[in-house]
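Novice: Please read through the structure below; I'll follow up with questions.
The values are calculated or read from the model by the stated rules, or taken from the named source; none is laboratory data. Treat the numbers as computed from the prediction; the structure is a model and nothing was measured. All Cβ positions, glycine included, derive from the backbone under ideal geometry; neighbour counts span all protein chains shown. In case anyone asks, the SASA skips ligands and DNA or RNA and just uses the protein heavy atoms, side chains included. Shrake-Rupley method; radii C 1.70, N 1.55, O 1.52, S 1.80 Å.
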Amino acid sequence: MWRATVLTLYPELFPGPLDASVLGRGAAEGHWALDTVNIRDFSDNKYGSVDDTPAGGGAGLVMRADILGAAIDSINHDDRPLLCLTPRGAPLTQHRAQALAAGPGLVALCGRFEGIDERVFSSRDIEEVSIGDFVLAGGEIAAMALIEACVRLVPGVLGSASSLGEESFEGGLLEYPQYTRPREFQGRAIPDVLLSGDHQRIADWRDEQRKEITRTRRPDLWERFLADGPIRRDKNKEPK
Ligand code: ADE
């Protein structure tokens, strides 16, 4: 079973949204599981503090290496990678989520305060991951986003594998627009092609839409798509 362990100062935030909808059902059916470790349990003082003032001065507090090290070492990793959620990490991608979903799970370390003593990173094999170029108050919501991105790809969690094949980022493009009833909404009709019953024309139209949406909204993805050539269907191939 795919497993996520979250190290956090706020275990009460979990599972939170990860227990809703398809993910909650997936957990109930035994496809994946979540557990938390309270970093505060590894504090060495009666106040339960886990942080201290930064060496060299400056604002805020830094999470202590000895306490985080003890919390990390208390976990049975079972070959699962250890990831730390931080805005200085490598941007999370669909490709990375697919690779993580295909493995045994992950261990996620959530930072708070101004940061984490750098020796935690230099002494442990930790992959630093960011969910975007903005700063959250802590890593918990970022860890939830990471776990959700992975778990929905774990076999059995989402019903239809084909709906995964056409979603955003698959093949390096964003997804095409969707329509459903009513046929007309406030003067706007569903594009004729989608009602034509001509599967080839529909597929071609959707392909064009994916390209146009990607080109106009995400020139960075579009440039890479052009450079990489035909759509990749091999999920295990690392994009350039
Ligand atoms: N912690 C704070 N901000 C973050 C971000 N953007 N991504 C991941 N973890 C974070």
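Novice: Just want the answer: with Cβ charges of +1 for Lys and Arg and -1 for Asp and Glu, which residue in 155, 93, 189 is farthest toward the dipole's positive end in the chain?
Specialist: Among 155, 93, 189, the one farthest towards the positive end of the dipole of the chain is 189.
Novice: Size of the dipole of the chain about the Cα centre, Lys and Arg at +1 and Asp and Glu at -1 on the beta carbon, nothing else charged, in debye to 20?
Specialist: On the way: 28 positive and 37 negative charges, 133 e Å.
Dipole magnitude for the chain comes out near 640 debye.
Novice: Tally the DSSP beta bridges in the chain and give the antiparallel ones as a percent, rounded to 5.
Specialist: Around 15 percent antiparallel, to the nearest 5.
Novice: What fraction of the Cα pairs in the range 165-235, stated in percent, has a spacing above 15 angstrom?
Specialist: Numbers: 1462 of 2485 pairs.
Considering the range 165-235, 59 percent of its Cα-Cα pairs are separated by more than 15 Å.
Novice: Over the chain, with a Gaussian network built from C-alpha contacts below 10 Å, which listed residue (54, 182, 91) shows the highest mean-square fluctuation?
Specialist: Ranking 54, 182, 91 by mean-square fluctuation puts 182 first.
Novice: Carbon and sulfur together cover what percent of the accessible area of the chain at a 1.4 Å probe radius?
Specialist: Values: 6980 of 13770 Å².
Carbon and sulfur: 51 percent of the exposed surface of the chain.
Novice: Quickly estimate the mean residue ellipticity at 222 nm for the chain, helices only: each DSSP H run with n ≥ 4 gives -39500 (n - 2.57), and the total goes over all residues, rounded to 500. Intermediate results must be reported in sequence, preceding the final value.
Specialist: Details: 8 runs with 77 residues, N = 240.
Estimated from H runs of four or more residues: -9500 deg cm²/dmol.
Novice: Round to a whole angstrom and tell me the spacing of the C-alpha centers of the range 176-203 and the range 72-123.
Specialist: That distance is 43 Å.
Novice: Hey, what's the chain come to in accessible area per residue, 1.4 Å probe, Å²?
Specialist: Numbers: 13770 Å² over 240 residues.
Each residue of the chain exposes 57 Å² on average to a 1.4 Å probe.
Novice: Of 200, 186, 178, which has the largest mean-square fluctuation in a 10 Å C-alpha GNM of the chain?
Specialist: 186
Novice: Leaving ligands, DNA and RNA out of it, rank 25, 224, 64, 217 by accessible area with a 1.4 Å probe, largest first.
Specialist: 217, 25, 224, 64
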